[in-house]
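These notes are about the structure you will find just below.
Just so it is clear, none of the values below were taken in a lab; they were calculated from the coordinates. Just so we're clear, the structure is a prediction, and the values are computed from it rather than from any experiment. All Cβ positions, glycine included, derive from the backbone under ideal geometry; neighbour counts span all protein chains shown.
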Amino acid sequence: MLYELKGTLEEFLKEHYHEIDFVKLDYLWSPFVAMIETGYYFVDAHGEEHDLYHFFTYDEIDEEYCYYGDVDGALGFAQSYGIWDEETLDLTEGVLSGRKVSDNYQCDYDQPQEARELENLTSVNIEPVGLYYWSNYKSHRFTGEPLRRSARPPE
């Protein structure tokens, strides 16, 4: 059942204490964009080579504002953070859950440049967008046939 909190999360937890077995609150920053190098390139009509990059969108979990655990721990969490006050939460079969997504105004210099930078527990909902290249200080979607640079297999 959905509840639109009219007060604080702490008040709600106290009021529904005996109905809640587990609390799951997800707080995400979104969207992030990752630009990952590939082994692909193409040659434009002027004979210039352009490296191609995989673009991905993803969300980042903000662990500070998330909570996963029992009601007693959630009461302590709610006393420290008002981020979930007056939010809409779902209480179904003893599980109180919420999901909040905040806009991310990420600077270009924060973008991951390698796939391993996305390999952490806080990057979620990773979705490929396509191949892109840079020209005139802008990114452009690539729609042609990419060329593969020869790569050596790892030893």
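Got a sec? How would Trp29, Trp84 order by Cβ neighbour count within 10 Å, fewest to most?
Numbers: Trp29 18, Trp84 23.
Going from sparsest to densest Cβ surroundings: Trp29, Trp84.
Give me the percent relative contact order of the chain, please, defined on Cα pairs under 8 angstrom at least 6 residues apart. Mind showing how you got there, number by number?
Numbers: 287 pairs, mean separation 54.6, N = 155.
It comes to 35 percent, rounded to a whole number.
Rounded to the nearest 10 degrees, the inclination of helix 71-80 to the longest alpha-carbon principal axis of the chain is 70 degrees. Using a Förster radius of 30 Å, what is the FRET efficiency between Val101 and His50 based on their Cβ-Cβ separation? Nearest 0.05, please. With a Förster radius of 30 Å, E is 0.30. Look at the dipole of the stretch 2-144 built from charges on Cβ: of Val101, Pro128, Leu28, the Cα furthest out on the positive end belongs to Pro128.
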